[in-house]
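First up is the structure itself, then whatever we jot down about it.
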Amino acid sequence: TYHDEDYPPRLREIPDYPPVIFVKGTLLARDEAGFAVVGSRIPTTYGKQVTRELASGLAAVGLTVISGLARGIDTIAHQAALETGGRTIAVCATGLDRVYPASNHALAQKIIEQGAIISEYPPGTRPRPEYFPRRNRIMSGMALGVVVTEARRDSGALITARLALDYNRDVFAVPGSIYSPNSFGTNYLIGEGA
């Protein structure tokens, strides 16, 4: 619970913190030095490469990579952190007994061994569209900053970035081609001061 000494201290700072989180794996004090890496669920080759390099680099210097266990950028960020031997935390929009997408079940098990998967939803909770934007506040609330590697105009990654700004966190964005719809969100963030 919010009152537990193991509750992530940075998460306590946000006004809409979850009063209870469920955890599989371990949360460590060093996870306070974490960055959320988020982006498109259907990344381009460029987005995949940039995400892999950034997440690997963050993990290599001892920073925890935080993401949402979704397809695309989230999956790549978690995998890159694990492959580098670093820590990663997945914030789920379901109960911890229901990995979504199901294709990430093996990845979730590896994350539990080198970090944690967490959720504000009790076991048995199925994914619902409105749970994903709410999950984003936990990612940005736990992080020192948010890195958006690739995002379309309507990407949930832009919600995570907006929340990070609301929570007084740094926002970083990777520039992309002005011709790519997958770069609209990141280029927009840069134009806004990211």
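With the crude spin-label approximation of a point 7 Å out along Cα→Cβ, what separation in nm comes out for Asp16 versus His105?
Between Asp16 and His105, the label points sit 3.3 nm apart.
What percent do you get for the relative contact order of the chain when only Cα pairs under 8 Å and 6+ apart count? Walk me through the numbers on the way to the answer.
Values: 447 pairs, mean separation 43.7, N = 194.
Relative contact order here is 23 percent.
What accessible area per residue comes out for the chain, rounded to a whole number of Å², with a 1.4 Å probe? Don't skip to the end; give the middle numbers.
Details: 9060 Å² over 194 residues.
Heavy-atom SASA per residue in the chain reads 47 Å².
Compute the acute angle (0 to 90°) between the alpha-carbon long axis of helix 156-166 and the principal axis of greatest extent of the alpha-carbon atoms of the chain; round to the nearest 10°.
That helix lies at roughly 70 degrees to the long axis.
First check a/c for the range 51-165, with a ≥ b ≥ c the square roots of the eigenvalues of its C-alpha gyration tensor; if it is under 1.5, answer rounded, and if not, answer prolate when a/b is larger than b/c or oblate otherwise.
oblate
For a quick check, take a GNM of the chain with Cα springs below 10 Å and name the residue from Thr45, Thr75, Thr149 with the largest mean-square fluctuation.
Result for the chain, Cα springs under 10 Å: Thr45 fluctuates most.
Below 8 Å between Cα atoms, with a sequence gap of 6+, how large is the relative contact order for the range 38-140 in percent?
Taking the mean separation of contacting Cα pairs over the length of the range 38-140, I get 25 percent.
Please list the non-local residues whose amide H lies under 5 Å from the amide H of Val147, H modeled 1.01 Å from N, same-chain partners needing a gap of 5 or more.
Result for Val147 returns Ala36, Val37, Val38, Phe172.
Compute the helix-to-body angle for 45-60: its Cα long axis versus the longest principal axis of the chain, expressed 0 to 90° and rounded to tens.
Once rounded, the angle reads 50 degrees.
If the label point is 7 Å along Cα→Cβ of Glu113, which residues in the range 36-61 have backbone nitrogen under 20 Å from it?
Residues 56, 59-60 qualify, since their backbone N sits under 20 Å from the label point.
Apply the Karplus curve 6.51 cos²θ - 1.76 cosθ + 1.60, θ = phi - 60°, to the phi angles in the range 183-190 and return the couplings in whole Hz, x for Gly and Pro.
The phi angles translate into 9, 4, x, 5, 5, 4, 4, 4 Hz.
Test of understanding: in a Gaussian network model of the chain with alpha carbons linked when under 10 Å, which of Ala55, Ala106, Ala33 would top the mean-square fluctuation ranking?
So, out of Ala55, Ala106, Ala33, the one fluctuating most is Ala106.
What net charge do the residues around Lys24 carry, taking every other residue with its C-beta under 15 Å from that of Lys24, with Lys and Arg at +1 and Asp and Glu at -1?
Counting the neighbours of Lys24, the net charge comes to -2.
Where is the GNM fluctuation largest for the chain (alpha-carbon springs, 10 angstrom cutoff): Tyr131, Tyr17, Tyr179?
Of the options given, Tyr179 has the highest mean-square fluctuation.
If you take the charge dipole of the range 1-150 about its Cα centre, with +1 on Lys and Arg Cβ and -1 on Asp and Glu Cβ, which of Gly47, Leu82, Ala60 is farthest toward its positive end?
Checked the options; the winner is Gly47.
Once both axes come from the Cα atoms, what is the angle between helix 131-142 and the longest principal axis of the chain, in degrees from 0 to 90, rounded to 10?
Tilt of helix 131-142: around 90 degrees.
Out of all Cα-Cα pairs in the chain, roughly what percent, to the nearest whole number, are more than 27 Å apart?
Values: 3553 of 18721 pairs.
For the chain, the share of Cα pairs beyond 27 Å comes to 19 percent.
Summarise the accessible area of the range 141-194 (1.4 Å probe, protein heavy atoms) by the percent that is carbon and sulfur.
Carbon and sulfur: 55 percent of the exposed surface of the range 141-194.
The values are calculated or read from the model by the stated rules, or taken from the named source; none is laboratory data. These numbers come from a predicted model, not from an experiment. Reconstructed Cβ throughout: ideal geometry from the backbone, glycine too, with neighbour counts over all protein chains shown. We work out accessible area using only protein heavy atoms, side chains counted, and drop any ligands, DNA or RNA first. Shrake-Rupley method; radii C 1.70, N 1.55, O 1.52, S 1.80 Å.
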